[in-house]
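*Asks:* Starting off with a structure, shown below.
What follows draws every value from the coordinates through simple rules; no lab data is involved. Fair warning: this is a prediction, and the values are worked out from it, not measured in the lab. Cβ atoms come from the backbone with ideal geometry, glycine included; neighbour counts cover every protein chain shown.
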Amino acid sequence: MVIAEDYIPFDGFEFIDDISKVNESAQSEVANSKGTILAIVKGKHFCPGGVSRNHRLYTEELWKSVGENDELKHRMDDNQMLGRIGHEAEMTDEDIADGKFSHYTRNIDWETGEAEDVILNTPMGNTLYTLLRSGVKLYVSSRADGDYNGKDEDGNDILDPETYKLERFDFVQDPGFLDAKPKMITESVKKTEAAHEKQAEALLDVARRLGAPVELDGGEYIVESMGNGKVELGSNSGTEDCSLGDFTEVTADIAESIVKYVEGLRSEIEEIKETVKMLRFANSKGLDEDYVERELKAGATYESLSHEKPKSRQFKMVEAKMDEPADSGDDISFITSIFG
């Protein structure tokens, strides 16, 4: 019986910080683990039909046989394929009690060699997470025991499917196989979630101060009040209380609602400015305001109307009414401060 140790390069992994791009189920699992899971990595762990750098042939038949092993299936179902940094000969109960493990392996595809490693919040798991996050190049290493069953035509040792017994996958420095590139599919998202919650809070506060209706799920809501992580929304059907966490996935919709509202204000302001300009001109020339307005709409210019003789004057008052944002001070300066 020999110890069969071979290695896959854990290279080219990717940390994805954008919550919209990560694997949704893995994202939820990490977030709901209450800090026990630091990250989940996925990629090639072995190469069915491939020859390792230490000249061992791992046939497809071998890996199919491993996947059908009832004892291994039971271990996998119970997440008991614990691994570590380094390749000590055996992992004892004492090692487990002392936290001398960093991850467990699961979801093994015996046809492709793909698998996942769940990095745990143990001292060794934190070390592994730090190494991978900082860009240190490590390799996935399979550890098993078994016998050889002759050699192939190139002189490579053929591992015997009947005796091969897979123990675990570890992370090590020395490479065996060089053609695998596992990737980080998610990492702890506490910081990411906090950032999204802060963004949602800031946008909702802007909407509240402007009195801008927020369009969500086909309805319009007004942000009535905020505080202590809670948001009170008002609509035609009444009010409802929500938590800030409910808005982390819809920040783009909130921002779009604010922009739409402010663009509407800008349009109203431009119309008011044009009306005021027309009234000032008519009054300065002694012209009837309605007459000037009709002529301008018909294509006349202020230059051409400046030569008109004064007509009967009927002054009219124009009131520009806009809801004043609570605690916002000057409407225009507030909007300008937001949108430049």
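*Asks:* Sticking with the crude label model, points 7 Å out along Cα→Cβ, report the distance from K309 to D152 in nm, one decimal please.
*Replies:* Once both label points are built, they end up 10.8 nm from each other.
*Asks:* Roughly how many whole Å is it from the C-alpha centroid of region 91-167 to that of region 205-224?
*Replies:* Between the Cα centre of region 91-167 and that of region 205-224, the gap is 52 Å.
*Asks:* Compute the distance in nm between two label points, each set 7 Å from the Cα along the Cα-to-Cβ direction, one at S267 and one at E293.
*Replies:* Between S267 and E293, the label points sit 1.9 nm apart.
*Asks:* With 10 angstrom as the radius, rank F101, F171 by how many other C-beta atoms surround their C-beta, starting from the fewest. Spell out each step's value before the answer.
*Replies:* Numbers: F101 21, F171 26.
Ascending number of Cβ neighbours within 10 Å: F101, F171.
*Asks:* A further question on this structure: By how many nm would the segment from A194 to A252 grow when fully extended, if each residue of separation counts as 0.36 nm and the alpha-carbon distance is taken off? Each step should come with its number before you reach the end.
*Replies:* Numbers: separation 58, 0.36 × 58 = 20.88 nm, distance 1.63 nm.
Full-extension gain reported as 19.3 nm.
*Asks:* Still on this structure, I have one more. Most exposed first by the Cβ proxy, i.e. fewest other Cβ within 10 Å, how do K64, K285, K297 rank? Intermediate values should be presented prior to the final figure.
*Replies:* On the way: K64 13, K285 18, K297 8.
Ranking K64, K285, K297 by Cβ neighbours within 10 Å, fewest first, gives K297, K64, K285.
*Asks:* Provide the gained length on full extension for the span D70 to Y302, in nm with one decimal, where the gain is 0.36 nm per separating residue minus the Cα-Cα distance. Numbers along the way, then the final one.
*Replies:* On the way: separation 232, 0.36 × 232 = 83.52 nm, distance 9.15 nm.
The D70-Y302 span can extend by a further 74.4 nm.
*Asks:* Something else now. Tell me which residues come under 5 Å, amide H to amide H, from L216 once H is placed; ignore anything under 5 positions away on its chain.
*Replies:* Distant-sequence amide H within range of L216: Y221.
*Asks:* Could I ask something else about it? Given a Förster distance of 25 angstrom, what is the FRET efficiency for A97 paired with S33, based on the Cβ-Cβ distance and rounded to 0.05?
*Replies:* On the way: r = 21 Å, r/R0 = 0.84.
With R0 = 25 Å, the Cβ-Cβ based efficiency is 0.75.
*Asks:* Oh, and also: Can you give the charge dipole size of region 230-294 about its Cα centre, rounded to the nearest 20 debye, using +1 on the beta carbon of Lys and Arg and -1 on the beta carbon of Asp and Glu?
*Replies:* Dipole size: approximately 500 debye.
*Asks:* Any chance you could run the full-extension gain for D145 through D205? It's 0.36 nm times the residue separation minus the Cα-Cα distance, nm to one decimal.
*Replies:* On the way: separation 60, 0.36 × 60 = 21.60 nm, distance 6.19 nm.
Additional length available on full extension: 15.4 nm.
*Asks:* In nm, to one decimal, how far is the N107 label point from the N236 one, both placed 7 Å along Cα→Cβ?
*Replies:* The modelled label-to-label distance comes out at 4.4 nm.
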